[in-house]
Structure formats: structure tokens, C-alpha cells
Amino acid sequence: LSKAMSQDGASQFQEVIRQELELSVKKELEKILTTAPSHEFEIQPYEKIKARGLPDNVSSVLNKLVVVKLNGGLGTSMGCKGPKSLIGVRNENTFLDLTVQQIEHLNKTYDTDVPLVLMNSFNTDEDTKKILQKYNHCRVKIYTFNQSRYPRINKESLLPVAKNVSYSGENTEAWYPPGHGDIYASFYNSGLLDTFIGEGKEYIFVSNIDNLGATVDLYILNHLMNPPNGKPCEFVMEVTNKTRADVKGGTLTQYEGKLRLVEIAQVPKAHVDEFKSVSKFKIFNTNNLWISLAAVKRLQEQNAIDMEIIVNPKTLDGGLNVIQLETAVGAAIKSFENSLGINVPRSRFLPVKTTSDLLLVMSNLYSLNAGSLTMSEKREFPTVPLVKLGSSFTKVQDYLRRFESIPDMLELDHLTVSGDVTFGKNVSLKGTVIIIANHGDRIDIPPGAVLENKIVSGNLRILDH
């Protein structure tokens, strides 16, 4: 007993010592931080960038820009086959349609030649190229290049799953695209980087094709082309304020005098809750990035682009546990000179990852103009409602079947739907609406129904909420 007590006392003593050490380290680090010049941790408010206005000749800065969309993903998470960019999101327009419309509008308005480049993966390349023919008569030059193909690693043996380089038949699952951090090497190797530099292009604007808020921003572009201190900025990351819906988003930190991107996959389990804290980490990366072409070429040739490797464990359909090694495009921020974060309005981050997101962008919350979605002026507050659709809505096909028409959501704050629920035409949702059909029950919301602060439960009783 005395031995057990002494062991217990020793472990308590060690814990106290550890806590005291942690406190001392924290205090010392805070002291060091106060000595850092304030300009080193650069996150500028968008308003300050916008206040500089636009140059007299907008077309001169636009002609130095290339738009790159990350188009490697499939629509499998939404129950669709083929590239995600070909899913219809608004008035039968796909992500790709809207992107082409946006750039064509820019080129026509300012008489410019901004090209669109798609970074495809081996999963999306063939289907995307087939569809590109429909844009032949648009005023946008479209280029594509492929990102790399890496072999998946067997978790047990740590050997590649692939036995040869083919990726057809049984070998399809042996390969994967290694994340969007692969853009630097693949863009360089494709020859397009040199082509655009030769044409006098200076910057690429990179974003996810499923982020409908990622349009070309002329104020940010002007800030890059005409830097206020005369010092060219090689890398801009657009960040925006975190809400409870964005707790998993990567954040910017400063380390050794450089901006760094920290992704949730890199955070030790013990600190994940801290990382998700809205008060501690107030901003997150939208993955809208502005990058100097000359800098990419220089760093690529020096083999100096350094990105943390993210270990992504997966289980294949047959039950085999594999490891994928991936990198994120934003992680390279520390390799570039004079990097900058710009805290942009939330409207520049409008991703469609699920059918819940799809419902928002298809609704009357947004109006569509020249491929760009803007929040309706009729909505009294600029925040987006929180929408959670249950598993019966996961696949786009099922989701569309359950809505005869998209409800009026202008006055909606929160919608939760669970179970076998369908919506008739011209339904109006306001405030907080919760609709839950219990297992075996079905709820049909009748045409023209107005649900305001209501809970609709399995037996169709409508209760005030």
C-alpha cells in the first residue's frame, strides 16, 4: 500500500512539475512575442485593401492574371458520378458553367484576355475535356493540366498497393491524387507556367471550383500589382472569420517570422478542441490564393517549396486499410516572400460540399448575375442560415426528388430535417424550423405551407417552437 501511495505521490509531483514548466514556457514565449515587429504577422482587413480603389486602367492589371480552378474532385460525397464541377447548382448551370460565365463577363466588360486553367486529376480529366467543347464559342481561353498520381500505401506492410503503373480495372483503387499542394510541380511540369510568363502574365488566382464565392476580386488584384510599399507580395491567402460551421478550417499562424497554414489533420488529438475554438483561432483559410508566377518558377527550380505532409488514412471498398500522403496548396505560404493574409467578407467563401449547401445556393437567398451569386437584398441580415439535411437528402438525386420547388428561405435562421420528409411547391420557411419524421413515418409538407418557428414531428402535429 505504501509503495502504491509513494508511486501515486511521485506521479502527482511529476504532473505539478510538468504544469509549472508549461506555464514558464508559455510566459517566456509571450515575452519573446512582444519583441516581434508588428508588420511580421500580416493579416490585412479587406476594407483597407478596398479603400485604395481601382486603377484608371483596370484591363491592364486584369491582363496579367490567370484564373486556376482546382478540379480534381469527384461528386461521390453527394452521390454523383464523374467530376464534381459538372453537378448542376443553379438554374441548371454547373460549377464549371458559372466559372466560365464569370470570366467571360470580365473579359467582355474590360476587353481583356483572362484565361481559365483547370487542374484536373486522373479521376476528372477525361470527362472534363469532353464537356469543354461546349465553351468553344465563349470569350475565355480554357487550358487543363493533370495533377500527379501517387500509389496508395498498404497500412500494414507500408508497401505500395499498385503492382504496375496502369490504373484501370482492379488497379483503379491503387492510385490517388496527392492533394492540391501538387499544383506547383504539376503546373510547372505541364509547361503552362512558362507559357503564361512568356505572355506577360504575373499572378494566378487559385480556388476550389466548388467555392461559388471565389470570384476575381479587382481590389486584391490591384493591391498585388501596385503594392503600397513598393515591395511585391508573392502570396496572398484570403481568410475569413470563423463561425461554428467552420471549426475544421485551416488557420494561419506565425512561426519563425513566417506565416504558416495549420490544418486540423496536423493537430495532435489533445489540442483539437483548442484548434476548433472560435475565440482562440478567429479566422480560417478559404483556399482563395493569389500567387506570383515568377515566384513559383523560382522556388520550383530551386526545389524550395516546403509543405507539411498530411497523412490521410483510408479504408478501400474491399476493407484494405491504406495511407495517402497529401499536401495542401496553402501550406507553401512560408516558402514565399512578403506573404499576406487578407481578411475578406464571408461572401467570398460559399462552398458546396453537401446537399445542405446546395439548398442554400439554389434558394432565393441568392441572386445570379453573370455567373456570380450575391446575397439577396431582401434578406435583412447578411449571415447564411444554418441548414442540416438528414441522410435521406445526402444524394443529389434523392434531394431533388424531395423538393417540388425550393422553399422561400429569405427569413430562415435554422433548418433541421431528418427522416422521410418531402416538400410541396411554394413552401415558406422562417425563423427556426425543425422537421423530424421518426423511423417508419413520413412527413409531407403541403404546398404553400408557411412554417415559422415550428417543430414538425413524426405524427404531423405542428408545435410552436
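The values are calculated or read from the model by the stated rules, or taken from the named source; none is laboratory data. Worth saying up front: this structure is predicted, and the values here are computed from it rather than measured. Positions of Cβ are generated from backbone atoms using ideal geometry, with glycine treated the same way; all protein chains shown enter the neighbour counts. These accessible areas exclude ligands, DNA and RNA; they are computed on the full protein's heavy atoms, side chains included. Shrake-Rupley method; radii C 1.70, N 1.55, O 1.52, S 1.80 Å.
The table below lists the values:
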{"item": "Point-to-point label distance, Ser11-Leu74, nm (Cα→Cβ direction, 7 Å offset)", "result": "4.7"}
{"item": "Per residue value of the accessible surface for the chain (all protein chains in place, 1.4 Å probe), Å²", "result": "52"}
{"item": "Residues whose placed amide H lies under 5 Å from that of Leu350, excluding near-sequence neighbours", "result": "Leu212, Gly213, Ala214"}
{"item": "Net charge dipole size for segment 349-465 [Lys, Arg +1 and Asp, Glu -1 on Cβ; Debye, nearest 20]", "result": "240"}
{"item": "All lysines inside 22 Å of Lys81 as judged from Cα atoms, apart from same-chain residues fewer than 8 positions distant", "result": "Lys69, Lys129, Lys130, Lys134, Lys314, Lys353, Lys395"}
{"item": "Value of [θ]222 nm, deg cm²/dmol, for the chain, DSSP H segments ≥ 4, -39500 (n - 2.57) each, nearest 500", "result": "-7500 deg cm²/dmol"}
{"item": "Largest-first ordering by accessible area, 1.4 Å probe, given options Ile153, Ile103", "result": "Ile153, Ile103"}
{"item": "Solvent-accessible area, 1.4 Å probe, carbon plus sulfur percent, for segment 7-348", "result": "52"}
{"item": "Segment 168-205 and segment 346-372: distance between their alpha carbon centers, rounded to Å", "result": "28"}
{"item": "Segment 392-465, relative contact order [Cα under 8 Å, separation at least 6], %", "result": "26"}
{"item": "Per-selection Rg to Rh, the chain - Cα, Kirkwood hydrodynamic radius", "result": "1.00"}
{"item": "Segment 355-457 - percent of accessible surface contributed by carbon and sulfur, probe 1.4 Å", "result": "48"}
{"item": "Sequence of Ile342, Ile17 when ordered by accessible area, the most exposed leading, probe 1.4 angstrom", "result": "Ile17, Ile342"}
{"item": "Cα gyration tensor shape for segment 208-344, rounded if a/c is under 1.5, else prolate or oblate", "result": "prolate"}
{"item": "The chain - charge dipole about Cα centre, Lys and Arg +1 at Cβ, Asp and Glu -1, debye rounded to 20", "result": "240"}
{"item": "Approximate spin-label separation Glu22-Thr195, in nm, with each point projected 7 Å along Cα-to-Cβ", "result": "5.4"}
{"item": "Label-zone membership for segment 189-229, site Met375, 7 angstrom Cα→C-beta point, backbone N under 20 Å", "result": "211-220"}
{"item": "Volume in Å³ per residue [convex hull over Cα atoms, computed for segment 355-457]", "result": "93"}
{"item": "With eigenvalues of the C-alpha gyration tensor scaled by 5 and rooted, segment 48-144, Å", "result": "28, 15, 13"}
